[in-house]
Amino acid sequence: MDMSAQPDCFHCGLPVPPGARYEVEIDGQAQPMCCPGCQAVASAIISGGMGEFYRYRTGKSVRGRELVPAELDELALYNRDDLQQSFVQRKAGEQREAALILEGIVCAACVWLNERHVKALPGVLDFSVNYSTHRAHVSWDNQRIKLSDILAAINAIGYHAHPFDPGRQEAIYAREKTRALRRLAVAGVVMVQVMMLAVALYAGDYDGMDATLRHFLRVVSLLLTLPVMLYAAQPFFVSAWRDLKRRQTGMDVPVSLAIGGAFAASAWSTLTGSGEIYFDSVTMFTFFLLAGRFLEMGARHRAGQAAEELIKLLPVTAARLDDSGEQRVPVADLVPGDRVLVRPGESIAADGRVIEGCSSVDESLLTGESAPQQRQPGDLLVGGTVNNESPLVMEIEQVGEATVLSAIVRLLDRAQTEKPEVARLADRVARWFVLALLILATAVAWWWWKHDPQHAFAITLSVLVVTCPCALSLATPAALTAATGALTRLGVLTTRGHALETLARSTHVIFDKTGTLTEGRLRYQGVEVFGDVEPDRCLEIAAALEASSEHPIAAALRAEAACALRAESLTATPGCGIEGTVDGQIYRLGIPDFVTALRSPESELAGPAQAPTGVVLGNEQGLLAQFEFADRVREQAAEAVAELKQLGVTVELLSGDEAGVVRRIAGQLGIEHFQSRCRPEDKLARVQALQAQGAVVAMVGDGVNDAPVLAAAQVSLAMGGGTQLAHASADMVLLSEHLPHLPAAVRTARRTRAVIRQNLTWALVYNITALPLAATGYIAPWMAALGMSASSLVVVVNALRLRR
Amino acid sequence: MDILFLLIPISLIIMGIAVWVFLWAIRSGQFDDLEGPAHRILMDDDDPLIPRRPQLKDDDD
């Protein structure tokens, strides 16, 4: 095979290892595949007649993987009635329904593929995928098909489905959303009607209109506005009332006062047949405010859903060992003291200690440490982490709420509830403004009541309407919404309202190395041979030894070497390495001590001058070669760092990794400030130290262990590939994983801040000039309404500039 | 202009129907996924109607 033109896997886009010959014919052309998993998935898609998937998809699929029989058994557990109780709804007869979390959805074509494939299964009554949430809803006839068959079918086309219990939170979100949508619908439809009548009435004011008709149109407008007042605008009145009861004045107080006041005045005018009506302003104002809040709610819900997906870290079932042997039980049934068998590749169900076996455990989700950790009898195991190498028997010590995982979730919840303090600042400023406004309006009303009671009401109304902080209250949200939309198109998701404001002020950007600046995958760097051996030959032997291993190093080796050799009688020693026979020779690959132990005492082959440190290969004659592995920095990471520096932001790197690795990466990217071997507490301390000096810290992270640090920083960003929890706590998410979008986000945030300032200045200048005119009776209520709308319009149009 | 006294009430009835249709659409879950349908329309299931290439004869659906 030609080494220079290394093709990428047609299915998942990863490079095809040299020597691999997996192909699938798609649209009449043989396409290369990187592994049997991708090959199986692609064949399943093609033979199912769904080859169009490859034409429509806009992203590369996740690497395919065939299920081993043990995993199929695991799926079969989902058929058990006692387990199904928690997530399956039973309908009439044998019809059942369940909600699934789908992993591996990268584009809309994936949704099409899943729906088409699963719907074609006999016995499946309905299957629909929600593209925004990556959730699926399935209903099936339990007599004709089992849930495990549906899950296996989804696996066959390269996706993973986990049944889950939608839970209470989700139900609340759904109800909240439905309610907001209904209000929006009512306000929107009514607004259109009232505006139409208002145009007729305005025209009538100029050209003259039959008095009966004029009165009729005004009464109809009043009737139309009633549902808006009684139903759609309820949230403003409720929240204003809550504010007043707590003796506060939030933004909703003047909003309610303006809507309520304008409606009351208009209703009075309509009934008495005199004066101006503002029904058009009332409905329009309500509709725009509701629309803004609906968009904000959507972003908030998305963040909350990600947090709920953390339950996915814990397995649903566990193998409990008792006198009669092994038994599969739901995790919820485990109690402290139970003995549980954890097979390689399985997640650990709860916190406990190892009592039998020796293995390595992947704790990267919790600690951010990418290298697997060794666990021996007596060592602690944390629920949610993954057993890598060999079976372990553990004794459960803590379950449910008491586990480390739930503690982290709680920590996060608390941090999140404490956070909006910064966001409330704007509201607090507005509170004084509102209070001043109300006092002023009262004073104006009192003065005119004394001197000219006939005009007192109209003038007070003018004051209230003209100074209605619509422009003021629109100034910030309009700019934020426009900027958020522009950033979302770039692939930067904003989940908190304050994120942009804070990002604009940030003085420090702190990276967490693992997975943020690097690709998060070990890559082969080079080989150093000792003595007279071919480097390529060593590489081939090493790749053959690691051919079926799940270790990160194995994947890196396999990606590099041709699979020409076959290793036999392989035995893995956890934490040390692997031994096997290649061409009749025994070889060992692993840490130096383990490999040199193989060397027979009489061997004469000279070892290396310096003690090797990395992964070495050796046989009975001695050490043969040493392999270098490293995590490669992401594309354009250096440009992104340079650009951030240009923007006047200090870039820092806090990493849990070894000093050498961190220094190398910092050097490559031109980061002057860095710390290595940081535990989460150290990172937190550093962030707090910077904050104590007055710095505004933007933290870019990706692991669950970062969650408290992310929450402590004034503004936090997560990379899209990071864990769901980081998404949940992060204020912004870089879905694109494209680092140059980071300085772009900072720039947009600063432009947003500039626009917000312009808007606020404009709103204040307008209010200050209009107020004396209105208070002295120079502005009629209709002029006030026009001025209010015009100033709001200016603010919105100015904000819309951010979309470009 | 007297016709307006009839037409406007009729428009109110139509508006009522529009609101009812909206509420029905919300209840039936049409607003649950605001992104997917926009893409889904591009991927219709009508391809099996187009004659298949002979090498896919072993297709069993």
- Item | Odd one out for A:Pro122 among (1) farther than 19 Å from B:Pro37 by Cα; (2) in contact with a Lys or Arg (Cβ under 9 Å, 6 or more places away or on another chain); (3) away from every other protein chain (no Cβ under 12 Å) | (3)
- Item | Filter result (in contact with a Phe, Trp or Tyr (Cβ under 6 Å, 6 or more places away or on another chain), crowded, with 23+ Cβ neighbours inside 10 Å and of a type in the set (S, T, N, Q)) within segment A:253-297 | A:Ser266
- Query: Which one of the conditions (1) hydrophobic (A, V, I, L, M, F, W, C); (2) at pLDDT 85 or above; (3) closer than 27 Å to A:Ala630 by Cβ does A:Ala689 fail to meet, given that it meets all the rest?
  - Reply: (3)
- Query: Which of (1) modelled with pLDDT under 65; (2) surrounded by fewer than 18 Cβ atoms within 10 Å (Cβ to Cβ); (3) farther than 30 Å from A:Val466 by Cβ does A:Ile408 not meet, given it meets every other one?
  - Reply: (2)
- Task: Would you be able to say whether some residue in segment A:66-82 is within 14 Å of chain B (Cβ to nearest Cβ), modelled with pLDDT of 75 or more, under 16 Å from A:Val138 (Cβ atoms) and under 28 Å from the mean Cα position of the chain (by Cα)?
- Result: no
- Note on the structure: The lone condition A:Gly49 fails out of (1) part of a loop (DSSP other than H, G, I, E, B); (2) at pLDDT 80 or above is (2)
- Message: Looking at (1) modelled with pLDDT under 90; (2) closer than 16 Å to A:Val282 by Cβ, which one does A:Arg183 not meet, given that it meets all the others?
- Response: (1)
- All positions within segment A:197-210 that are within 13 Å of another protein chain (Cβ to nearest Cβ) and among the acidic types (Asp, Glu): A:Asp207, A:Asp210
- Item | Boolean, A:Ala92 is outside any strand (DSSP E or B), within 12 Å of another protein chain (Cβ to nearest Cβ) and either aliphatic (A, V, I, L, M) or more than 23 Å from A:Cys38 (Cα to Cα) (or both) | no
- Message: Among the residues of segment A:211-229, are any away from chain B (no Cβ under 12 Å), over 14 Å from A:Val282 (Cα atoms), hydrophobic (A, V, I, L, M, F, W, C) and within 45 Å of the chain's Cα centre (by Cα)?
- Response: no
- Can you name the residue in segment A:574-588 that is touching an Asp or Glu at 6+ places or on another chain (Cβ under 7 Å) and more than 12 Å from A:Gly622 (Cα to Cα) and, of all such residues, is surrounded by the fewest Cβ atoms within 10 Å (Cβ to Cβ)? A:Thr581
- Message: Any residue that is of a type in the set (Val, Ile, Thr), within 12 Å of chain B (Cβ to nearest Cβ) and in contact with a strand residue (DSSP E or B) (Cβ under 8 Å, 6 or more places away or on another chain) - is there at least one of those in segment A:151-163?
- Response: no
- Message: I'd like the full set of residues that are at pLDDT 80 or above, of a type in the set (Gly, Ala, Ser) and closer than 24 Å to A:Phe164 by Cα, limited to segment A:319-348.
- Response: A:Ala319
- Residue list for segment A:639-655, restricted to those being of a type in the set (A, V, I, L, M) and more than 19 Å from A:Ser676 (Cα to Cα): A:Ala640, A:Ala642, A:Leu644, A:Leu647, A:Val649
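Residue by residue, here is whether (1) under 20 Å from A:Phe433 (Cβ atoms); (2) without any contact (Cβ under 8 Å) to a residue 60 or more places away in the chain; (3) under 42 Å from the mean Cα position of the chain (by Cα) holds:
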residue: A:Phe236; (1), (2), (3): yes, yes, yes
residue: A:Ala240; (1), (2), (3): yes, yes, yes
residue: A:Arg247; (1), (2), (3): yes, yes, yes
residue: A:Pro254; (1), (2), (3): yes, no, yes
residue: A:Ile259; (1), (2), (3): yes, yes, yes
residue: A:Ala264; (1), (2), (3): no, yes, no
residue: A:Trp268; (1), (2), (3): no, yes, no
residue: A:Gly273; (1), (2), (3): no, yes, no
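The values are calculated or read from the model by the stated rules, or taken from the named source; none is laboratory data. These figures come from a predicted structure and were not determined experimentally. We place every Cβ from the backbone using ideal geometry, glycine too, and count neighbours over all the protein chains shown.
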